Amino acid sequence: MQNKKQDETIFKKLIKLFIPIFLELLLISLLSSVDTLMLSNYNKLCVNAVGTAQSTISLLTSLIIICSNGVAIIVGQFLGAKKDKEAKDVLAQGVIFNLLLGILLFLIFFFLCDYLLKLVNTSDTFFGYAKTYIRIYAIALPFQAITQVVGADFRAHEKPIYLTIISIISNFINVGLNYLLIYGIWIFPELGIKGAAISTVVSLIFKTISIVILEIIIIKDKVFTFKVDKNILGSILKIGGPSALENISYTLFSFVLLAALNLLTDVEIGSRVFINMVLGYTLIFSSSLGNSNSILVAYYVGAHEYEKAKKLTLRVCLVGLGIMVSLISLLNIFGRPLFTLITNDKTYVDIIVKILPLLFILEIGRCTNIVVISAQKSAGDVIFPLVLGLLSMSIIMAGGSWLFSKTFELGLVGIILAQSLDEFVRGIVSFIRWLSNGWMKHSLIKE
């Protein structure tokens with residue numbers, strides 16, 4: 001009876017974390033879709049350009065995850081171990097590192113964007129649009145780096161609701177400015193893709209300033225410091241480094257995939273943009289469950305309550321899989337009318353409908369990955385996901401995308417198949433690892 005009551009309490013905590021995170025991600029996806037549709041109505045080439053630009057940007061921006069992951073895990077474990085003072089010392093060190101990294105990324109993307117776009121075989125038809133978007137967006141990277149770390153600290157303190165409120169306001173600013181600057185409404189000039197980039201930069205700067213102010217008022221942590229604590233920074237890099245390397249590896253191999261994609265037709269490239277736009281909504285459930293679960297896992301591992309962490313993760317994973325199967329089933333049933341609403345071009349819709357059955361493999365694997373691997377990382381088990389990711393992504397995702405799309409001449413279907421198999425294999429292996437309890441010996445807080 002007592003165990004049942006404990007399970008109910010844990011699950012209530014999870015739901016309390018899940019709802020604001022879900023709402024934040026849902027709103028971001030909704031407004032991102034509005035962005036895509038606005039640009040699509042303005043100029044379809046702009047959609048391809050932004051898709052390529054964002055994929056190119058993500059190549060290096062994964063580096064800022066080093067600190068955000070490290071801060072979230074270390075703060076969570078310290079709080080679980082009732083070491084509140086140590087938890088407060090972590091944030092400022094993460095902000096120092098990420099701010100410097102954000103400035104470096106700005107310089108790279110501003111001055112080397114031509115080289116990076118050529119590296120992924122960007123089509124000449126929208127090369128200029130993609131370059132314009134990247135050079136303007138790069139201004140926001142130092143601010144985005146700070147936001148990632150401070151946001152991680154809010155989640156570790158189980159206060160994601162404040163992030164949700166700020167994201168809602170920030171994203172409405174983005175959409176409102178998009179409408180004014182893309183089309184040139186009222187007194188504003190018609191800037192097209194430049195307007196979309198400027199809107200994103202303004203909204204991200206607003207988000208950073210707001211979240212830093214709330215961090216100081218609510219959490220009462222010191223956000224900025226000029227004093228470097230080598231021990232704390234070392235711990236952040238030790239935990240966050242492998243996680244970031246995994247994300248960087250994913251982005252690098254996605255870069256290989258993107259190079260294969262950009263050799264396909266403009267219609268196939270555009271079809272993938274529309275598929276990803278819709279899949280962004282299924283990803284919300286997996287990401288929200290994974291984030292919520294990882295916060296509690298870090299807390300329980302810090303308190304050495306390993307069985308609670310294990311049981312919770314298994315339950316969350318099963319819930320997530322049930323949601324994914326239901327959503328992809330609906331997408332397969334109503335896919336044609338749904339995508340016809342998004343684009344009235346039958347050529348796009350015919351390509352997309354062929355790909356929909358593959359999404360069962362993709363989303364089942366991805367959901368398992370997100371929930372279980374994020375739990376492993378929160379427990380301090382960061383090397384195993386890195387090694388698994390390097391092997392699977394290099395062989396199955398990167399190698400498979402070229403093999404299936406070019407050698408077997410499957411085009412976009414081959415690229416989606418490679419992605420799906422990569423996610424599925426990593427999902428199965430990660431699940432087995434979680435059941436084996438190998439992650440339990442990696443806690444930062446020793447008994």
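Residues of the stretch 385-417 being assigned to a helix (DSSP H, G or I) and not hydrophobic (A, V, I, L, M, F, W, C), which ones? Within the stretch 385-417, Pro385, Gly389, Ser392, Ser394, Gly399, Gly400, Ser401, Ser405, Lys406, Thr407, Gly414 meet the criteria. Summed over the stretch 259-286, the residues that are in contact with a Phe, Trp or Tyr (Cβ under 9 Å, 6 or more places away or on another chain), under 19 Å from Leu327 (Cα atoms) and open to solvent by 30 Å² or more (accessible area, probe 1.4 Å) give a count of 1.
Beta carbons closer than 8 Å, at least 6 apart along the sequence or on distinct chains, never pair a first residue in the stretch 319-340 that is within 17 Å of Ser292 (Cα to Cα) with a second that is surrounded by fewer than 16 Cβ atoms within 10 Å (Cβ to Cβ) and modelled with pLDDT of 95 or more. Within the stretch 168-194, being modelled with pLDDT under 85 and among the small types (Gly, Ala, Ser) holds for Gly184, Gly192. Kindly check whether there is at least one residue in the stretch 391-405 that is open to solvent by less than 30 Å² (accessible area, probe 1.4 Å) and either free of Cβ contacts under 8 Å to residues at least 12 places away in the same chain or under 24 Å from Ile239 (Cα atoms) (or both). Yes, the stretch 391-405 contains at least one residue that is open to solvent by less than 30 Å² (accessible area, probe 1.4 Å) and either free of Cβ contacts under 8 Å to residues at least 12 places away in the same chain or under 24 Å from Ile239 (Cα atoms) (or both). Based on what the data block shows, is Leu410 within 24 Å of Ala298 (Cβ to Cβ) and open to solvent by 50 Å² or more (accessible area, probe 1.4 Å)? It is false that Leu410 is within 24 Å of Ala298 (Cβ to Cβ) and open to solvent by 50 Å² or more (accessible area, probe 1.4 Å).
Residues in the stretch 353-376 that are over 23 Å from the mean Cα position of the chain (by Cα) and more than 18 Å from Gly322 (Cα to Cα): 2 in all. Under the condition of being more than 14 Å from Gln419 (Cα to Cα) and not charged (D, E, K, R), the residues counted in the stretch 352-389 number 20. Selection of the stretch 192-243 for residues being open to solvent by less than 30 Å² (accessible area, probe 1.4 Å), assigned to a helix (DSSP H, G or I), closer than 30 Å to Val175 by Cα and not β-branched (Val, Ile, Thr) yields Gly195, Ala196, Ala197, Ser199, Ser203, Ser210, Glu215. The lone criterion from (1) crowded, with 22+ Cβ neighbours inside 10 Å; (2) closer than 30 Å to Asp350 by Cβ left unmet by Tyr299 is number (2).
Filtering the stretch 152-191 to residues that are among the hydroxyl-bearing types (Ser, Thr, Tyr) and either open to solvent by 70 Å² or more (accessible area, probe 1.4 Å) or touching a Ser or Thr at 6+ places or on another chain (Cβ under 6 Å) (or both) leaves Tyr162, Ser170, Tyr179.
Being of a type in the set (D, E, K, R), open to solvent by 30 Å² or more (accessible area, probe 1.4 Å) and either in contact with a Lys or Arg (Cβ under 9 Å, 6 or more places away or on another chain) or modelled with pLDDT of 75 or more (or both) is the requirement here; does Lys44 meet it? Answer is no for this residue.
When the stretch 59-86 is examined, which residues are found to be at pLDDT below 75 and not in a helix (DSSP H, G or I)? Within the stretch 59-86, none qualify. For the stretch 287-296, the candidate set comprises residues that are open to solvent by less than 10 Å² (accessible area, probe 1.4 Å) and of a type outside the set (A, V, I, L, M); within that set, the residue that is nearest to Gly400 (Cα to Cα) is Gly290. Beta carbons closer than 8 Å, at least 6 apart along the sequence or on distinct chains, pair a first residue in the stretch 241-258 that is farther than 14 Å from Ile57 by Cα and in contact (Cβ under 8 Å) with a residue 40 or more places away in the chain with a second that is buried (at least 22 other Cβ atoms within 10 Å of the Cβ) and charged (D, E, K, R) for Ser243/Lys377. Cβ separations smaller than 6 Å between residues 6+ apart or across chains give the following pairs from the stretch 280-291 residues that are on the phi < 0 side of the Ramachandran plot and of a type outside the set (Ser, Thr, Tyr) to residues that are modelled with pLDDT of 85 or more and assigned to a helix (DSSP H, G or I): Phe285/Ile323; Leu289/Val316; Leu289/Gly320; Leu289/Val371; Gly290/Ile370; Gly290/Val371; Gly290/Ser374.
If I ask for residues that are charged (D, E, K, R) and assigned to a helix (DSSP H, G or I), which ones from the stretch 120-150 would you list? Selection gives Lys131, Arg135.
Taken over the stretch 126-150, the residue count meeting the criterion of being buried (at least 23 other Cβ atoms within 10 Å of the Cβ), at pLDDT 85 or above and farther than 19 Å from Leu112 by Cβ is 3. Determine which member of the set Ser378, Ser329 is within 22 Å of Asn69 (Cα to Cα) and small (Gly, Ala, Ser). After ruling out the rest, the residue left standing is Ser378. Residues that are modelled with pLDDT under 90 and open to solvent by 10 Å² or more (accessible area, probe 1.4 Å) within the stretch 414-447 comprise Asn437, Gly438, Met440, Lys441, His442, Leu444, Ile445, Lys446, Glu447, listed in sequence order.
The values are calculated or read from the model by the stated rules, or taken from the named source; none is laboratory data. In this text the structure is predicted, and so the values were computed from the model without any measurement. Using ideal geometry, Cβ is built from the backbone for each residue, glycine included, and neighbour counts are taken over all protein chains shown. Side chains included, ligands, DNA and RNA excluded: accessible areas come from the protein's heavy atoms. Shrake-Rupley method; radii C 1.70, N 1.55, O 1.52, S 1.80 Å.
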